[in-house]
1. Hey, what did segment 1-124 get for relative contact order, percent, Cα under 8 Å, at least 6 apart?
2. Viscosity 0.692 mPa s, temperature 37 °C: give me the Stokes-Einstein translational D for segment 39-85 in µm²/s, with Rh taken as the Kirkwood radius over C-alpha pairs.
3. From zero outward in steps of 5 Å, how is the percent of C-alpha pairs of segment 4-165 spread across the bins?
4. For a quick protection proxy, order the peptides 16-24, 142-150 by their average other-Cβ count within 10 Å, most packed first.
5. Suppose the Debye formula is applied to equal point scatterers at every Cα of segment 110-183; what is log10 I(q)/I(0) at q = 0.24 Å⁻¹?
6. What does the extension gain come out to for residue 76 and residue 180, with contour length at 0.36 nm per residue minus their alpha carbon separation?
7. For residue 6 and residue 53 in the same chain, what is the full-extension length gain: residue separation times 0.36 nm, less their Cα-Cα distance, in nm?
């Protein structure tokens, strides 16, 4: 059963912000600041995908650890009351048609629909008045589809989140750079896997060279 009052107490997070938090290894600061976070079930499934990634499986493992001690509240669409569920289903369909998000399966757990996790999270955040933590992609920037769809939604991007968690601008710069470096490492690893036939040892040597290890 969903505690709707509790939903207003903690921020909701998209997949990318959880990835950023774990790359920077500041999950302790996140939970010290907010005590708990909320994630949509579709975001949970996106995060659990990282189990299969040898170098970044800690992203999924940390999620499971915090969920087990009730620091992460998973908002399951199936548990939402019927009135809200019908409203949200229609809203997602309307957004998909109007802004071209192409959500083929509604609220069903299909994390392969691009932008789905953050849009589902935004629907919950907007309707339940939950602060929304997300990463730095362009979907919610001024003039983009996410901002047009949710003009009044309170959205904190990665830098704003870091400012909340860290003591000064120097720390924000350092951790933001650490996340950027980790993202480059992650993206290059994906590119190599997809374009080059090579052993895992060879791939790791290339990645280590990229980051100067």
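1. It comes to 29 percent, rounded to a whole number.
2. The diffusion coefficient I find is 284 µm²/s.
3. The distribution over segment 4-165 is 1, 9, 19, 23, 22, 14, 8, 2, 0, given as percents.
4. Listed from highest to lowest mean packing, they are 16-24, 142-150.
5. Values returned for q = 0.24 Å⁻¹ are -1.10.
6. Roughly 34.3 nm would be gained on extension.
7. 13.6 nm
Taken together, the values in this text are just the output of simple stated rules run on the coordinates, not laboratory data. Keep in mind that this is a model prediction, so the values were computed, not measured. In this analysis, Cβ positions are derived from the backbone assuming ideal geometry, glycine residues included, and neighbour counts consider all displayed protein chains.
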